[in-house]
Amino acid sequence: MKQPTSPITLPPQPDPAVQETSFEPDSSPMLSPHLNDEESAPNYGSVPRASPTSTPPPAPARALAPDLLRGLLMAFMALDHTSLMLRSWPHATAIDGENDSAPVHEWNRPAAYVIRTLTHLCAPGFTFLLGMGVVYFGRSRTSRPPDKRWTTGQLAWHFFVRALVLTAISTIMGLAVSGGKVWFLNMVLFSLAVDYLLAGLTWMAVAKTERLLAFALLKVLPLRKKDDVTEPLLPGPQPRLHGEEEMAPDVEIIRAADISWHIHNVFLAIGAAVTIWWNIWLSPTGGRCGVDPTPRLPGSDWIKIWFYPIMDERVKSGFPPLAWMSFAVLGLLYGRIILARAWSSKAITLGNALASLGFTLVFVFARIFHVGNLSEGCLSMAEHQQGGDQYLASVKSFFYLTKYPPDVAFWAFTMAGNHLLLALFGALPPLFASKVFHVLLVYGTSALFFYIVHILMLGALSLPVIALIGREVSDPFTKQPVRGVDQLWGFFFSWGMLLAILYPLCRWYGGFKKAKGPDSIWRFF
């Protein structure tokens, strides 16, 4: 039996100017069985049904929820970095905390604790959206008309070049910020670069093996009796032919493809679990204080940098790429589910809410049953002197998170928060959201540009602010007396001024970027 080929041709894709930072709905007719009851509105993630005999539908509206989420996370990130530049307070919810098996004896000030907890959503959210963007980008490029469709080599080259660009920017910024003292500074861009490359290659592998498995299943799946009498979802040859030119009915093709799709999603879910759990497995102490460390990785920085934070004199890397890979895999899985059919905005909102609830339950389980934490026996504040469960001693104890590297509790808490925000943004009417949260859309659609410029702006703004209203504080890292701004009004004023300056700059860059070709390197920013 020859491999059957689907008689369906994909409709033209949206405007080719839309790039990987866009989450435009993208679906083939085979995966869009019917319209929802809100088909007249530009729903996030919802696309109209395509008919082989009808005029291709117009390019769908850009999905708002992911861009709104990214824009909010950019603002949160600026909040975190403002505290660093102004030396406002220690960079953690607990003094000397947030590291694997780090004993902590003092909480940060209340405002700092709340702000730092909010900013924990940033790195996981960026990496998750990165994985989701890979799916949208890959589908948009491989579903183009044959003469414009990207080959496997072109896709792989794109993922490699983007990773190289991000790594180069990270290295240059590190040299500039440290005055050449730090040869390699990974504040997050190197992690995003590697995870983008790995997520892209994973998506390509999944797309290939999913098709191969579907064809293999066609040879072994029994023909169901109802297949002969069930009206096919799509036009195509109806009778089951015999001989060398035999072609399976459409219902069999769809059934095989559906099974293959589910199997690959299960493997992605397992991959997401494994790539966060290995942070627990690789911990020298198993995440427990008071335990003699047993190195589980070779001592070479060339190996450790992929899995574990490094803070040497010349190499400082707080975000090892493979320690954060799970968030990108979750993004791949989420993107595949979103593009699988024409979901209504209500369905996507409900799905995000349920995902948030599921991750919340995982977080609570980790706390109550002491599974998946890298801070076991590490809390030694006043409320812990009475003994008992350290995480149930106080609200701050329950929500204390280990970020370097992220443990399962951190993973579950931050993904619960990001899915909740996606649900909230997705529930808003598109017109209302685009007007009320326009500033977030501007930030969210120029994310890398925002990142680079905000670091430079903070360096320039912090000097006069500290000179005008600063006073003696303790340096967040060296603990030496320095001049800084620890007044809340001065801190929030500086943060607001930074965002106000960035808005017109990001808006200008957004217009500049749109004027470039769809494959321009400027689209990376």
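The values are calculated or read from the model by the stated rules, or taken from the named source; none is laboratory data. The structure displayed is predicted, hence computed values, not measured ones. Here Cβ is always computed from backbone atoms with ideal geometry, including for glycine, and neighbour counts include all displayed protein chains. Protein only, heavy atoms only, side chains kept; ligands, DNA and RNA dropped before computing areas. Shrake-Rupley method; radii C 1.70, N 1.55, O 1.52, S 1.80 Å.
Observations on the structure shown:
- Val371 satisfies every condition listed in (1) in a helix (DSSP H, G or I); (2) of a type in the set (A, V, I, L, M, F, W, C); (3) closer than 25 Å to Arg288 by Cβ except (1).
- For the range 97-149, a residue qualifies if it is more than 23 Å from Pro309 (Cα to Cα) and of a type in the set (Val, Ile, Thr), and the qualifying residues are Val114, Val134, Val135, Thr142.
- Enumeration of residues in the range 278-330 that are in contact with a Gly (Cβ under 9 Å, 6 or more places away or on another chain) and on the phi > 0 side of the Ramachandran plot: Gly287, Gly290
- Qualifying residue in the range 297-310 (condition: surrounded by 14 or more Cβ atoms within 10 Å (Cβ to Cβ) and at pLDDT below 85): yes
- Counted residues, the range 472-487 - those being under 14 Å from Met85 (Cα atoms), of a type outside the set (Val, Ile, Thr) and either open to solvent by 70 Å² or more (accessible area, probe 1.4 Å) or not in a loop (DSSP other than H, G, I, E, B) (or both): 4
- Filtered residues of the range 155-181 (kept if within 18 Å of Pro321 (Cβ to Cβ) and surrounded by 18 or more Cβ atoms within 10 Å (Cβ to Cβ)): Phe159, Arg162, Ala163, Leu166, Thr167, Ile169, Ser170, Gly174
- Set Leu361, Leu357, Leu332: member being in contact (Cβ under 8 Å) with a residue 60 or more places away in the chain and either in a helix (DSSP H, G or I) or open to solvent by less than 20 Å² (accessible area, probe 1.4 Å) (or both): Leu332
- First in the range 398-423 and without any contact (Cβ under 8 Å) to a residue 60 or more places away in the chain, second anywhere and outside any helix (DSSP H, G or I) and open to solvent by 10 Å² or more (accessible area, probe 1.4 Å), Cβ under 7 Å, 6 or more apart: none
- Checking Tyr503 against (1) hydroxyl-bearing (Ser, Thr, Tyr); (2) open to solvent by less than 40 Å² (accessible area, probe 1.4 Å); (3) touching a residue at least 24 places away in the same chain (Cβ under 8 Å), the condition it does not meet: (2)
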